[in-house]
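The values are calculated or read from the model by the stated rules, or taken from the named source; none is laboratory data. Keep in mind it's a predicted model, so treat the numbers as computed, not measured. Heads up, the Cβs are rebuilt from the backbone with ideal geometry, glycines too, and the neighbour counts pull from every protein chain shown. Protein only, heavy atoms only, side chains kept; ligands, DNA and RNA dropped before computing areas. Shrake-Rupley method; radii C 1.70, N 1.55, O 1.52, S 1.80 Å.
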Amino acid sequence: MIDANEVPAERHRLYEDALAILTGTLIMSLGVIIYSKAMLLTGSTSGLALLLQYATGAQFWLVFSLINLPFYILAIKRLGWMFALRTFLAVTLVALFSKLTAGWVEFARLDPIYATIVGGGLMGTGLLILFRHRTGLGGINILAIYLQEQFGIRAGYFQLAVDLAILAAAFFVLPPANLVLSVVGAAVVNMTLAINHKPGRYAGVT
């Protein structure tokens with residue numbers, strides 16, 4: 001039996017990284033729009049941006065772009081310029097696509113439970129694609145990737161703990177039913193990562 005850790009890692013080609021970032025950000029943006037329409041909340045910087053959107057009326061794409069700015073310093077210092085550049089590109093694309101997707105897709109009816117599961121699954125899958133190409137979406141994603149690569153702490157489990165703290169802050173903004181569904185959604189997002197993004201399971205290198 002071949003040990004997965006002994007299999008040489010295959011480096012991603014440039015076009016593979018480009019397609020992954022494009023696909024991951026498009027999928028992530030659709031998940032964000034579903035949550036925005038259903039007035040649900042997720043974690044990390046995207047969740048904070050949604051919370052501020054609900055509380056202030058500011059547009060998600062603008063808030064998401066601004067709150068990610070300080071985290072690029074950590075990305076550069078801890079994970080390198082290339083990771084920081086890919087992350088900046090991904091954040092910019094999510095901001096752009098979330099603005100455009102609102103005009104591309106309309107929902108005549110959106111069941112809250114369906115939105116919770118499908119939207120959370122889309123965001124988790126989008127993040128998984130980006131993570132596997134050493135790309136984050138700023139904020140907690142950068143810290144989660146760094147902790148997993150340096151200390152073996154699962155990115156999904158770490159984000160789940162942080163996301164629950166962010167959801168607790170939404171107690172004064174969201175109706176109770178939406179808050180409960182948001183907790184379920186955060187679990188969907190992070191369990192998607194925890195199950196599928198394990199050291200040694202995927203050997204691609206960027």
> Can you work out ³J(HN,Hα) from phi for every residue in region 25-30, in order, using Karplus 6.51 cos²θ - 1.76 cosθ + 1.60 and θ = phi - 60°, giving whole Hz and x for Gly and Pro?
Replying inline: 6, 5, 5, 4, 5, 5
> What figure in square angstrom, to the nearest 10, would you give for the accessible area of Glu149 with a 1.4 Å probe?
Replying inline: 90 Å²
> Among Val94, Val173, Val183, which one shows the biggest mean-square fluctuation in a GNM of the chain, springs joining Cα atoms closer than 10 Å?
Replying inline: Val173
> If you plug each phi of region 166-178 into the Karplus form 6.51 cos²θ - 1.76 cosθ + 1.60 with θ = phi - 60°, what whole-Hz ³J(HN,Hα) values come out, in order, with x for Gly and Pro?
Replying inline: 5, 5, 4, 6, 7, 4, 8, 10, 9, x, x, 5, 5
> Once Lys and Arg get +1 and Asp and Glu get -1 on their Cβ, which of Leu26, Asn190, Ala75 lies farthest toward the positive end of the dipole of the chain?
Replying inline: Ala75
> In debye to the nearest 20, how big a dipole does region 8-131 give about its Cα centre with +1 on each Lys and Arg Cβ and -1 on each Asp and Glu Cβ?
Replying inline: 240 debye
> Which whole-Hz ³J(HN,Hα) couplings does region 46-60 yield from phi under the Karplus relation 6.51 cos²θ - 1.76 cosθ + 1.60, θ = phi - 60°, glycine and proline marked x?
Replying inline: 5, x, 5, 5, 5, 4, 5, 5, 5, 7, 10, x, 5, 6, 4
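Want the number for Leu164 to Trp81: 0.36 nm per residue separation, take away the alpha-carbon distance, what's left?
On the way: separation 83, 0.36 × 83 = 29.88 nm, distance 3.01 nm.
Difference between extended and current length: 26.9 nm.
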> Can you give the accessible area of Met82 in Å² (nearest 10), computed on protein heavy atoms with a 1.4 Å probe?
Replying inline: 120 Å²
> Over what distance in Å are the Cα centres of region 161-189 and region 85-156 separated?
Replying inline: 16 Å
> With every protein chain present, what accessible area does Lys37 have (1.4 Å probe, heavy atoms only), rounded to the nearest 10 Å²?
Replying inline: 120 Å²
> Under a Cβ-Cβ cut-off of 9 Å, what is the net charge of the residues other than Thr135 that fall near it, where Lys and Arg count +1 and Asp and Glu count -1?
Replying inline: +2
